[in-house]
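The values are calculated or read from the model by the stated rules, or taken from the named source; none is laboratory data. Worth saying up front: this structure is predicted, and the values here are computed from it rather than measured. Backbone-built Cβ (ideal geometry, glycine too); neighbour counts: all protein chains shown.
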Amino acid sequence: MVDYLPEEAQSVKGIHIMEEEFSGAVPNTRVMIPDVTVPEALDYKEKLTAIDGVTDVLWLDDVMDVKTPLELADSSLVETYYKDETALFSIGVENGKEVAATDAIYTLIGEDGAIAGEASNTASSQKMAGSESMYAGLLLVPIIIFILVISTTSWIEPVFFLTAIGVSVLINLGTNIFIGEVSFVTQSVAPILQLAVSLDYAVFLLHSFSDYRKTTEDPAEAMKLAMKKSFPAITASAATTFFGFIALMFMNFEIGSDLGLNLVKGILLSFISVMVFLPALTLYFYKWMDKTKHKSFIPDFKGIGNKFVKLKVPSLLIIAIIIIPAFLAQSNTSFIYGLGEQPENTRNGRDLVKVQEAFGDMTPIVVLVPRGDIAKEEEMVKEFEQLDYVTGVIAYANSVGTAIPPEYLDESVRDEFYSENYSRIVINTNQTTEGDVPFSIVENVEKIAANYYGEQALSLGESVTLYDIKNTVTKDNIVVNTLTIATIALVLLISFRSISMPVVLLITIQAAVWINLSIPYFANTSLVFVGYLIISTVQLAATVDYAILLTEAYNHNRKELSAKEAMIKTLDEKTFSISISAAILSSVGFILWITSSNPIVQSIGLLLGRGALLAFIMVVILLPALLIVLDKVIKKTTYQANYHEEK
């Protein structure tokens with residue numbers, strides 16, 4: 001995740017200095033080996049050091065002389081690394097070599113050993129991204145086919161839908177080669193999200209084609225008319241989604257731009273595929289559609305509009321009561337800024353539990369300061385040692401001593417502490433990587449270092465990275481949400497030529513977003529912040545299509561009928577279409593949630609699945625109520641509304 005932080009972040013600067021000045025990496029992973037003696041542990045340390053990708057191995061012999069009887073040493077120091085004949089090593093793994101290194105470590109330590117930390121999390125995520133995307137796809141495609149089969153009257157039509165969008169998904173995945181690399185979040189989420197969001201475009205076009213074929217004998221003419229009629233709806237839907245995803249690209253935390261770029265490419269390719277490839281495919285094989293006709297599996301929705309319209313007063317009251325608490329709750333949800341807890345059904349998750357049960361938590365923070373003033377360094381180290389939750393500090397000043405000049409030491413020992421320009425200090429804490437306490441430790445460490453060395457002092461480590469992520473994405477949240485709402489409002493303003501209509505549509509979908517994101521607060525669960533940030537944009541951009549579809553149909557009917565009658569007719573005609581779109585997007589979300597072992601992807605999946613259902617409910621219950629109640633306002637604030645005047 002540190003790859004996606006901006007260059008000016010404290011941890012990024014620190015990592016660059018570490019890579020330039022020191023051979024060893026920041027200890028970012030713990031390796032536990034049970035049933036070993038001290039000599040055997042030292043032997044394992046040598047074998048771990050020899051593994052390609054492992055740049056640093058820190059153990060008990062680095063903080064004390066292990067030739068001294070352990071019974072005479074400080075027990076708290078010893079038990080940080082060795083307890084009940086179990087050794088715990090802190091290792092640094094080179095960026096980009098996590099998978100190979102952790103595989104080699106597992107081979108060395110066997111089933112009884114355990115690995116926990118940043119490198120093992122990254123390796124696990126990278127391994128799972130491809131296989132889990134495939135698994136999710138294999139589960140999802142049959143579900144989407146089933147939904148499409150029951151929503152159409154031809155067995156072959158769903159194949160046309162999936163072919164048109166599937167081609168654009170494959171092209172989008174292929175074009176990633178020009179980007180060079182994509183994040184595991186993008187790899188897991190983007191293809192499936194593209195399929196779910198843009199499938200509507202194909203459905204709009206082919207449903208319109210089927211309608212025109214009933215009145216036009218020439219299939220080519222029917223397709224021309226269908227393209228002309230569905231083009232505004234498809235364009236508006238694609239534009240709102242397109243600009244919503246563009247907003248992600250303005251995140252400083254670049255995982256947003258990584259995902260945003262992929263989704264923007266995907267929406268553009270899906271739009272082109274539906275407007276260029278799908279018509280050609282349909283006209284070439286339309287006879288198959290005729291030969292594979294079947295009766296509708298879904299009962300007529302006639303009468304549902306009247307029932308929903310009757311709910312307009314209760315729905316407005318209920319939303320008025322819950323919308324402010326929902327907004328406040330989603331603003332006060334507790335967040336996780338890293339990967340979160342690893343599932344215990346994976347080895348990575350089980351290993352973390354093993355290590356925590358045996359040794360508790362340990363997170364190292366590395367501080368880099370300019371080399372030269374050993375006395376100043378010694379004073380700073382003493383302050384670090386006095387901090388709450390700090391279990392030990394490894395520095396030249398307290399490990400070797402200020403009386404011995406570095407030049408008199410063996411090069412391998414000296415290089416542990418000094419580079420040409422910097423001094424390296426490792427601070428071990430007994431806390432997890434993130435949360436109020438770990439972040440307060442980071443703040444205190446950075447404050448002490450700044451008191452001695454100002455901006456020349458740099459800190460790094462997993463908790464520092466997550467602290468930087470927190471500060472970065474908190475600012476991103478305001479920027480992304482503002483841009484999303486502003487760009488979607490502009491598209492709606494142009495599409496409907498109305499000042500009030502965009503406000504009504506955005507209130508409807510934003511209410512669904514707030515309710516969705518407030519649920520973790522009321523359930524007293526933490527939410528992965530990347531998932532929260534992405535879904536607050538994606539849900540709005542993806543589900544506003546439902547509101548557009550219903551409102552366009554309502555405007556058409558409103559030209560001939562009163563507000564209430566027009567809405568009843570619109571709901572009778574469009575509830576089914578909207579429910580199909582919502583069912584597909586919701587299925588995508590819940591399947592990502594079920595199939596992924598990655599907490600970020602799980603979070604995005606659950607929020608997306610729940611959000612699509614909430615958006616559907618809001619569009620068929622709240623939106624009709626708002627359009628009817630605000631009919632006079634909408635009429636006055638819409639250019640050439642041409643609404644039916646009641647006599």
**Request:** Scan segment 113-131 residue by residue and report those that are of a type outside the set (S, T, N, Q) and in a helix (DSSP H, G or I).
**Result:** GLU118, ALA119, ALA123, LYS127, MET128, ALA129, GLY130
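Just give me the residues in segment 55-77 being in contact (Cβ under 8 Å) with a residue 60 or more places away in the chain, surrounded by 12 or more Cβ atoms within 10 Å (Cβ to Cβ) and either outside the structural domain of PRO27 (by TED's automatic domain parsing) or out of contact with any Ser or Thr (no Cβ under 6 Å at 6 or more places or on another chain) (or both), in sequence order.
Those that are in contact (Cβ under 8 Å) with a residue 60 or more places away in the chain, surrounded by 12 or more Cβ atoms within 10 Å (Cβ to Cβ) and either outside the structural domain of PRO27 (by TED's automatic domain parsing) or out of contact with any Ser or Thr (no Cβ under 6 Å at 6 or more places or on another chain) (or both): ASP62, VAL63, LEU77.
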**Message:** Being outside the structural domain of GLY180 (by TED's automatic domain parsing), among the aromatic types (Phe, Trp, Tyr) and over 20 Å from ASP476 (Cβ atoms) is true for just one of PHE308, PHE271, PHE327. Which residue is that?
**Reply:** PHE308
**Prompt:** Going through segment 522-581 one residue at a time, which ones are buried (at least 24 other Cβ atoms within 10 Å of the Cβ) and of a type in the set (Asp, Glu)?
**Reply:** ASP545
**Request:** Considering each residue of segment 433-445, count those that are within 19 Å of VAL393 (Cβ to Cβ) and in a loop (DSSP other than H, G, I, E, B), and give that number.
**Result:** 1
**Fill in**
Filtering segment 97-156 for residues that are closer than 17 Å to VAL169 by Cβ, small (Gly, Ala, Ser) and buried (at least 20 other Cβ atoms within 10 Å of the Cβ) leaves a count of 3
**Request:** Evaluate segment 459-466: report whether one residue or more is assigned to a strand (DSSP E or B), surrounded by 14 or more Cβ atoms within 10 Å (Cβ to Cβ) and in contact with a helix residue (DSSP H, G or I) (Cβ under 8 Å, 6 or more places away or on another chain).
**Result:** yes
**Item:** Boolean, THR186 is crowded, with 21+ Cβ neighbours inside 10 Å, within 22 Å of the chain's Cα centre (by Cα), in contact (Cβ under 8 Å) with a residue 12 or more places away in the chain and more than 21 Å from VAL31 (Cβ to Cβ)
**Value:** yes
**Asked** Within the bounds of segment 218-228, is there any residue that is surrounded by fewer than 22 Cβ atoms within 10 Å (Cβ to Cβ) and not in a helix (DSSP H, G or I)?
**Response** yes
**Complete:** The correct count of residues that are surrounded by fewer than 22 Cβ atoms within 10 Å (Cβ to Cβ) and not hydrophobic (A, V, I, L, M, F, W, C) in segment 600-616 is 3
**Complete set of residues in segment 255-274 that are over 13 Å from the mean Cα position of the chain (by Cα) and either free of Cβ contacts under 8 Å to residues at least 24 places away in the same chain or surrounded by fewer than 19 Cβ atoms within 10 Å (Cβ to Cβ) (or both)** = VAL264, LEU268, ILE272
**Asked** Hey, among TYR453, TYR408, TYR418, TYR396, which residue is modelled with pLDDT of 90 or more and of a type in the set (Ser, Thr, Tyr)?
**Response** TYR453
**Asked** Of these, ASP211, ASP258, which one is in contact with a Lys or Arg (Cβ under 9 Å, 6 or more places away or on another chain), among the charged types (D, E, K, R) and assigned to a helix (DSSP H, G or I)?
**Response** ASP211
**Prompt:** Of the residues that make up segment 339-351, is at least one modelled with pLDDT under 85, of a type in the set (S, T, N, Q) and in a helix (DSSP H, G or I)?
**Reply:** yes
**Asked** So how many residues does segment 5-26 have that are under 15 Å from GLY96 (Cα atoms) and either surrounded by fewer than 20 Cβ atoms within 10 Å (Cβ to Cβ) or at pLDDT below 80 (or both)?
**Response** 5
**Test: ILE425 is in contact (Cβ under 8 Å) with a residue 24 or more places away in the chain and surrounded by 23 or more Cβ atoms within 10 Å (Cβ to Cβ)** = yes
**Prompt:** Within the set of pairs 6+ apart or on separate chains, which have a first residue in segment 437-452 that is more than 15 Å from SER423 (Cα to Cα), a second that is in a helix (DSSP H, G or I) and at pLDDT below 95, and C-beta atoms under 6 Å apart?
**Reply:** PRO438/SER463; PHE439/TYR467; VAL442/SER463; VAL442/VAL464; VAL442/TYR467; ILE448/GLU383
**Request:** Evaluate the following for ASP468: is it under 18 Å from the mean Cα position of the chain (by Cα) and farther than 27 Å from GLU377 by Cβ?
**Result:** no
**Prompt:** Within segment 79-88, can one find any residue that is under 19 Å from PHE359 (Cα atoms), in contact with a Gly (Cβ under 9 Å, 6 or more places away or on another chain) and not aliphatic (A, V, I, L, M)?
**Reply:** yes
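Would it be correct to say that LEU278 is surrounded by fewer than 18 Cβ atoms within 10 Å (Cβ to Cβ), part of a helix (DSSP H, G or I) and touching a residue at least 12 places away in the same chain (Cβ under 8 Å)?
When the stated conditions are applied, LEU278 does not pass them.
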**Prompt:** So, of the residues in segment 188-214 that are touching a Leu at 6+ places or on another chain (Cβ under 9 Å) and of a type in the set (Ser, Thr, Tyr), which turns out to be modelled with the highest pLDDT?
**Reply:** TYR212
**Prompt:** Is it the case that ILE298 is touching a residue at least 12 places away in the same chain (Cβ under 8 Å) and either part of a helix (DSSP H, G or I) or closer than 30 Å to ALA563 by Cβ (or both)?
**Reply:** yes
**Request:** Taking only segment 303-327 into account, find how many residues are touching a residue at least 60 places away in the same chain (Cβ under 8 Å) and either surrounded by 12 or more Cβ atoms within 10 Å (Cβ to Cβ) or small (Gly, Ala, Ser) (or both).
**Result:** 16
**Asked** Across segment 89-114, what is the total count of residues that are over 13 Å from LYS354 (Cβ atoms), of a type in the set (D, E, K, R) and touching a residue at least 60 places away in the same chain (Cβ under 8 Å)?
**Response** 1
**Breaking point among (1) crowded, with 24+ Cβ neighbours inside 10 Å; (2) of a type outside the set (Lys, Arg); (3) out of contact with any Asp or Glu (no Cβ under 7 Å at 6 or more places or on another chain), for SER518** = (1)
**Request:** Hey, can you tell me all the residues within segment 79-112 that are of a type outside the set (Ser, Thr, Tyr), closer than 17 Å to ASP351 by Cβ and part of a helix (DSSP H, G or I)?
**Result:** GLU98, VAL99, ALA101, ASP103, ALA104, ILE105, LEU108, ILE109
